[in-house]
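For reference, the structure discussed in these notes is given below.
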Amino acid sequence: MATESKSDTQEEVVQIRRCACVVKGGRRFSFAAMVVVGNQNGEVGWGYGKGNEVPNAVEKAVKDASKHKIRVNFNGATIPHEVEGRFGSARVLLLPANPGTGIIAGSSVRAVVESAGAKDILTKVRGSTNPINVVKATFDALSKLRNREDFARLRGVEV
């Protein structure tokens, strides 16, 4: 079994938040980062990290992303069927697309589906557009994807 090196994974920062803590001498800033990590071959994960500096927060988020990885079933360059993911009030609808369509998505959803390896996909975000909730809703949708073999195995029939 081949080990996965850092060079074949792609990491993309979805959002960096700055938080201010008011102390006697003024404001003390800290940072929180949301990162999506994937190998563009069906494996993708998200991570959230906090630190006093941006690089520290991103590094912690990348480490956290390795703990939240999922495997995504693709049908060629697109997804096998329509699926909706939910997190909080964010709703993400993922639709299969014809070859050559490309990735039609907003920045948060685009980061996830590109890192997963989709080439042709249509998406729509409804409800909350908070990037963190949208990323989690996209992961919920991707985890619901099933291919023909999965359905056959779950139902106990042959395809």
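The values are calculated or read from the model by the stated rules, or taken from the named source; none is laboratory data. Keep in mind it's a predicted model, so treat the numbers as computed, not measured. Here the Cβ is made from the backbone with ideal geometry for all residues, glycine too, and neighbour counts use every protein chain on show.
Some points to look at:
- Within segment 1-80, strands (runs of 3 or more DSSP E) holding 1 or more residues that are more than 12 Å from the chain's Cα centre (by Cα), at pLDDT below 90 and exposed (fewer than 15 other Cβ atoms within 10 Å of the Cβ): none
- Wholly enclosed helices (runs of 4 or more DSSP H) of segment 103-159 bearing at least 1 residues surrounded by 14 or more Cβ atoms within 10 Å (Cβ to Cβ) and in contact with a strand residue (DSSP E or B) (Cβ under 9 Å, 6 or more places away or on another chain): 107-116, 131-143
- Restricting attention to segment 38-60, the residues that are touching a residue at least 40 places away in the same chain (Cβ under 8 Å) and closer than 22 Å to residue 140 by Cα add up to 9.
- Every condition in (1) assigned to a loop (DSSP other than H, G, I, E, B); (2) at pLDDT 95 or above is met by residue 98 except one, and the failing one is (2).
- Selection within segment 81-95: residues that are assigned to a loop (DSSP other than H, G, I, E, B) and of a type outside the set (Asp, Glu). The member of this set that is surrounded by the most Cβ atoms within 10 Å (Cβ to Cβ) is 81.
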